[in-house]
1. Using a 1.4 Å probe, what is the accessible area per residue for the chain, in Å²?
2. Return the FRET efficiency for the residue pair Leu418, Arg463: r is the Cβ-Cβ distance, R0 is 41 Å, and the value is rounded to the nearest 0.05.
3. How big is the shadow of the Cα convex hull of the stretch 259-386, averaged over all directions, in nm²?
4. Could you tell me whether the stretch 1-149 comes out rounded, prolate or oblate from its Cα gyration tensor? Rule is a ≥ b ≥ c as square roots of the eigenvalues, rounded for a/c under 1.5, then prolate if a/b exceeds b/c, otherwise oblate.
5. Report, to the nearest 10°, how far helix 367-386 tilts away from the longest principal axis of the Cα atoms in the chain, using its own Cα long axis and a range of 0 to 90°.
6. Between Arg375 and Arg327, what's the calculated FRET efficiency when r is the beta-carbon distance and R0 is 25 Å? Round to 0.05.
7. Per the 1.4 Å probe, what fraction of the accessible area of the chain, in percent, lies on carbon and sulfur atoms?
8. Which trypsin sites (Lys or Arg not before Pro) from the stretch 237-343 combine a DSSP loop assignment with at most 13 other Cβ atoms within 10 Å?
Amino acid sequence: MAEASGAGPTPHDRSPATASALALLSGFVRAGVRDVVVAPGSRSQAFALVAAELERVGAIRLHVRIDERSAGFLALGLAVESGRPTVVVVTSGTAVANLHPAVLEAHHSGVPLIVCSADRPVELRGIRSNQTTVQPGIFAGAVRLERDVPAPVGDPAEAQAAARLARVAVAVSLGRDDRGVPSAHPGPGPVHLNLQLTEPLSTPVHLDEAPTVDLGDPVTAAATGATAAAASAAAGAEAAPKGALIAAGPRTVVVAGAGAGPGAEQFARDGGWPLLAEVTSGARFGPNLVVASRELLNEAGFGDRIERVVVFGHPTLSREVPALVQRRDVESIVVAPSGIEWYNPGRRVRRFERAVRAEPHPAPLPPEAREWLGRWVHASRSIVDAGLPQTLGLMSGVDETGHVSDYAAQREYMKAQLAAVREPVSRRMLVDAVWAATWPHDRLVFGASRLIRDADRAVAGRRITVHANRGLAGIDGTVATATGIAIASGAVTRAVIGDLTLLHDVGSLLLGAGEARPRLQVIVGNDGGGTIFDALEVAGSAETEAFDRVQYTPQAVDLAALATAYGWGYARATTRGELSDALAVPVDGPALLEVPLPR
């Protein structure tokens, strides 16, 4: 890395804080990090200013957010989409604590996230120094690696140590060892570097060129070699020839939860088994897909005949799947290529595998296997079709020559068509329309609201990229996560969320000067509060006024004014026709689409 000529401090004139920041962030660049998120602060100023300089020379993409919680979830979205570790830099004190929700989601979802928190030197802890708390250990068991780094003093060896630390942090966040080899336990996840810094907290820095990415390093190759989707596909491909053999025989279903990836679909197809794939599984496609899985798991002749279930990913969208896994008459096999925790509802699972492969079956399938698969697929299609709008079978009144031959029939036909266009938007209509408007190269994000469950029960199989924060299934940071996915992908991204999910993360609508304005359409199903809680058993017995206040939490925020205040586009769709028009408008920047829904 060439230094600047002319005026300005030389490396020997830099404050130890700036020298350390330059060495560490340059080490991240060499190890393949592309995105750095900064929340401004005094103690972290050296890292913020070095990040700005690295952006100037083209080494990184810098993203600035004033709210650390937004910064954390933006970093999470960037990492989810890119498959690379994202670095988030914050100052000391409560700034670090505000990253905790994003760190927990990264921990439970296996997302590579590197937290760099500035801190006072150790001698200032425990004596009520300003903006000082105990930051080491603040994320408890939610990080794969933590280092409390002593304050630099200007020793020449510190730069090399910082570069080594950057490489280690990248490797560990990716779930890899020093040679770049994947490690199943604990797998990818967050890393915390707590960086003690003393005054002077910064000096100017100027670079002539960007640090060189070390593509010959196996850790760097791991960081830069695949997007999240490609890595998932590769994992599934590797699993097929190497995994434990799952024999044919018992009546089997394959469950694909969040993050399962396309390997789950391939496994179900290889085995000739029904595939019960959640909408965020990455496996919701293929001839074996069963969309109406919840209904059929409760149906006699279907769920009660299951003898074995093979689970990929993290199922979170139904009660029926964990109930199935816990049944004593069902053999449950859980598959996860990496991670600290296994999916194990009721602690009843007895077989866990890192990879599996299905015993090859003859073509065509034997009659019993063909009947088992076919009845699930056909029954599911019937249930889903029954939920679609029923057409009246009206004739248009136009004959084969293109002329109207029956004016009465045409009037009735046109009235029916107009009524359909004017029909108020329902939840099913909304998720179906968004799903149909999403192209394979687009991105779709769901919030933790009723809408993701409505989509899971209804939308057909399509091979599109869908994400939701299902590690802990909270509404935290959904707008910020979607923003990160939109920026990292460069693709049109739609986020389907509830009104409370938007309001909980409303600060993430703020895109400051110089920040990327992604092609992001946030679609808000506005039912005036938390109607997801209406499905709780207690909703039928609690006093209505009390329940509404503490659970439904009604709101009447003017979303149009909110969008204007933050500089976002705005549209409102109340009917099928308006929704169709709104989804057909090109998404060329951040925009809010409000869709009023009944409670």
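The values are calculated or read from the model by the stated rules, or taken from the named source; none is laboratory data. These numbers come from a predicted model, not from an experiment. Quick reminder, even Gly has a Cβ in these numbers, built from the backbone with ideal geometry, and neighbours come from all protein chains shown. Ligands, DNA and RNA are excluded from the accessible area calculation, which covers all protein heavy atoms including side chains. Shrake-Rupley method; radii C 1.70, N 1.55, O 1.52, S 1.80 Å.
1. Numbers: 26050 Å² over 599 residues.
On a per-residue basis, the chain sits at 43 Å².
2. For Leu418 and Arg463, the calculated efficiency is 0.70.
3. Hull-based average projected area comes out at 7.7 nm².
4. Details: a/c = 1.97, a/b = 1.17, b/c = 1.68.
In terms of gyration-tensor shape, oblate.
5. Compared with the principal axis, the helix lies near 90 degrees.
6. Rounded to the nearest 0.05, the efficiency is 0.80.
7. 55
8. Working: sites: Lys242, Arg251, Arg269, Arg284, Arg294, Arg305, Arg308, Arg319, Arg327, Arg328; in loops: Arg251, Arg284, Arg319, Arg327, Arg328.
Answer in residue order: Arg319, Arg328.
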